[in-house]
1. Using the 10 angstrom Cβ neighbour count as an exposure proxy, how do Ser212, Ser320 rank, fewest first?
2. Distance check, please: which entries in Lys194/Lys244; Lys161/Lys194; Lys192/Lys244; Lys89/Lys161; Lys301/Lys322; Lys24/Lys88 exceed 24 angstrom between their Cα atoms?
3. For segment 185-342, what is the convex hull (Cα atoms) projected area averaged across all directions, in square nanometres?
4. Modelled label-to-label distance, Tyr133 and Ala179, 7 Å Cα→beta-carbon offset: nm?
5. Sorted from fewest to most neighbouring beta carbons within 10 Å, what does the list Val166, Val348, Val131 look like?
6. Let me make sure I get this right: for segment 231-285, a, b and c are the square roots of the gyration tensor eigenvalues over alpha carbons, sorted descending. Under 1.5 in a/c it's rounded, otherwise prolate if a/b > b/c, else oblate. Which is it?
7. Kirkwood Rh over alpha-carbon pairs of segment 126-234, then Stokes-Einstein at 25 °C and 0.890 mPa s: what D in µm² s⁻¹, rounded to an integer?
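Just so it is clear, none of the values below were taken in a lab; they were calculated from the coordinates. Just so it is clear, the model here is predicted, and its values are computed rather than measured. FYI the Cβ positions are ideal-geometry reconstructions off the backbone, even for glycines, and counts take in every protein chain you see.
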Amino acid sequence: MSDDDDIYIPLKQRRREEEERRVKRQKLIQEKLKQHAQDDEEEAADDDATSRQPTSTATTDPASDDVDAAAPTRSTVSLLDQSFQLKKKRENEGVNEDDRIQSTSEVQLLHEASQVQKGALVSAAEHASGVRYTESLQTTWTPPRHIARLTEDECDLVRKKWHILVDGDDIPPPIKSFAEMRFPPAILNSLKAKNIIRPTPIQVQAMPCILSGRDLIGIAFTGSGKTLTFTLPLVMLALEQEKKMPLIAKEGPFGVILGPSRELMRQTYEIVTHFTSSLFQAGLLCMGGQDKREQLDMIFKRGVHIVVATPGRLKDFLQSKKMHLDLCQYICLDEGDRMLDLGFDEEVAAIFNHFKHQRQTLLFSATMPQKFQDFAKQVY
């Protein structure tokens, strides 16, 4: 065997050496922990000694002499426990700081959304003529009397319990059940069929706002129930309008839901049809990758109450006058931040130019980036 060849070490010997190194590391760690604990105790003792100042009045009470002469109480907490408690304290301080930063950012996010909402989403014609709608759309929906009588402090307690942040003027009260939102039995039964019993936090506050006809910007993460939040009020609007005057061929829609992707709109359309099927309403899925004639046949034959669409196909139908928004009173942009990332801002702005009257506008997004704020101020 040459000197350059590696010397073979048996497995048993390698394991023994590894065990010895592990024991040494443990001893070193324990010694360091012990040293840190001793240093902490010495610092605490020094601080305690310096904080004790002699009083100007002498005492002759023998009991006090016994107390002074008594030995200091020795801590019964082990060094490892002290080290663990110190580490946990530092972790908690870090978590509290993270919570504070998150809370501050959420409040700032809501404030920015409120500023966007005050002067945005108008068509080109409205912008040119200086039209600004200062009042929300009037609806026939009202909350139950006992909820309408809630004070602002009582509403804030509910929002705090459900971790809801709001910003705006004259905000409708939160409602904690679907029945109290005054949905008809057909809607409540459809909810039970999907095993949806209680509303989520965003539904508790956003649904009363939407049912009241208010414009809204909802910031909610995926899976928070936001699709149901903007779907059910639209179904209620279509039901009310249908009872006033039934649709005929080539009329509609009463409301539009826009989203950035075909898959998202297909999922949204499935939710819409689940609730409209029992109410004899017509919904239309309007997106690329499907035959235009099939999509237009429903409009030409009986009209549609609700359109779920991607921006490109809906813009195409509007510009070719195959569809119009004369009766549309409701438009929702789902995942608006993603629409901008995918370059749909021009299509959305073109769609808004087809509105000739006031409508209720909803924006739902997971974030509120500056690009999204600038876009909303241009077309809201």
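1. Ser320, Ser212
2. Check vs 24 Å cut-off fails for Lys194/Lys244; Lys161/Lys194; Lys192/Lys244; Lys89/Lys161; Lys24/Lys88.
3. Computing the convex hull of the Cα atoms and averaging its projections yields 9.3 nm².
4. Simple spin-label model gives 3.4 nm for this pair.
5. Fewest-to-most ranking of Val166, Val348, Val131: Val131, Val166, Val348.
6. prolate
7. 163
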